[in-house]
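In what follows, a structure is listed as structure tokens, so that the remarks can point back to it.
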Amino acid sequence: MSDNNSCDFDILTYGAAALRCKSRPVEQVTAEIRELVDKMLKTMYAHRGLGLAAEQVGRDECLCIIDVPPDADDSTPPELLEKNAAIAMPLVLLNPRIVADDGVQTGQEGCLSFPEIFVQVKRAMTVTVEYMDLDGQICRIEAAGLLSRALQHEIDHLNGVLLVDRMSPVQKVALAGRLKRLKARKS
Ligand SMILES: [Zn+2]
């Protein structure tokens, strides 16, 4: 795709081989990594996304960014949402991994690599994620609700796992035509 000039990266869509690769751990925070993060942030905001993984812009670094505004989440119990209050946005996560999860939530999920497709996806209600920040520090956060969903979604990307893999067989059948057309756009 090369149909936009408003941001630094084009976003790969379903069917692009790079989306299926497993990412490579980031050893240290270099100027190149900082530049990549800056360009990814611009790209994510230009597309009004809540998150973006490096794989979606054709890079193999184990790196994702997330910006979930606190007031964007109206479906999570308030006592759980309090967990998110201390987490500053945007979040830049290098080598993130889920070290614990709890509970279940089902909610609507979309992906910039699956334009205009939204499906109900079951995820853990809370997750604890360990990652390296841009200062090279190892951090640990516990997030709930929509932020937890975004973390699980972006970490999936870094493992080559996509929204389509989280769909039920019934959802896949219902969306088969649209998924096929999306994939065909790539060839
Ligand atoms: Zn996505």
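FYI, it's all coordinate maths here, none of it is from the lab. Treat the numbers as computed from the prediction; the structure is a model and nothing was measured. Cβ coordinates were reconstructed from backbone atoms using ideal geometry, including for glycine residues, and neighbour counts include every protein chain displayed.
So, counting K/R as plus one and D/E as minus one, what does the shell of residues with Cβ under 12 Å around Arg24 add up to? Intermediate values should be presented prior to the final figure.
Working: positive: Lys22, Arg59; negative: Glu27, Glu55, Asp60, Glu61.
So the surrounding residues net to -2.
At a threshold of 8 angstrom on Cα-Cα distance, excluding pairs fewer than six apart, so keeping six or more, what relative contact order does the chain reach in percent?
Details: 328 pairs, mean separation 48.6, N = 187.
Rounded, it is 26 percent for the chain.
Using the Cα centre of region 17-184 as the reference point, and only Cβ charges (+1 on K/R, -1 on D/E), how large is the resulting charge dipole? Debye, rounded to the nearest 20.
Details: 20 positive and 24 negative charges, 205 e Å.
About 980 debye.
Show which aspartates and glutamates lie in cross-link reach of Lys180 when reach means a straight Cα distance below 15 angstrom and same-chain residues fewer than eight apart are skipped.
Cα-Cα hits under 15 Å: Glu116, Asp165.
Please give the peptides 103-111, 24-32 ranked by average Cβ packing (other Cβ atoms within 10 Å per residue), highest first, as a rough proxy for protection. Please report the intermediate quantities before stating the final value.
Numbers: 103-111: 16.1, 24-32: 11.8.
The most tightly packed comes first, giving 103-111, 24-32.
For Gly107, what charge total do you get from the other residues with a beta carbon under 13 Å from its beta carbon, if Lys and Arg give +1 and Asp and Glu give -1?
Values: positive: Lys122, Arg123, Arg149, Arg166; negative: Asp73, Asp74, Glu109.
Residues close to Gly107 contribute a combined charge of +1.
Which net charge results for the neighbourhood of Gln120, defined as the other residues with beta-carbon distances under 15 angstrom from its beta-carbon, given Lys and Arg at +1 and Asp and Glu at -1?
On the way: positive: Lys122, Arg123, Arg149, Arg166, Lys172; negative: Glu109, Asp165.
Local charge sum for Gln120: +3.
Please give the calculated 222 nm ellipticity per residue for the chain, where each DSSP H segment of at least 4 residues contributes -39500 (n - 2.57) and the sum is spread over every residue; nearest 500 deg cm²/dmol?
Numbers: 5 runs with 53 residues, N = 187.
After summing the helix terms and dividing by the residues of the chain, the value is -8500 deg cm²/dmol.
Would you look at the GNM of the chain, springs on alpha carbons closer than 10 Å, and say which of Ile117, Ile11, Ile66 moves the most?
Among Ile117, Ile11, Ile66, the largest mean-square fluctuation in the Gaussian network model of the chain belongs to Ile117.
Mind listing which trypsin sites (Lys or Arg not before Pro) in region 30-99 are in a DSSP loop and have 13 or fewer other Cβ atoms within 10 Å? Could you put the intermediate results ahead of the total?
Values: sites: Arg34, Lys39, Lys42, Arg48, Arg59, Lys83, Arg97; in loops: Arg48, Arg59.
Hits after loop and neighbour filter: Arg48.
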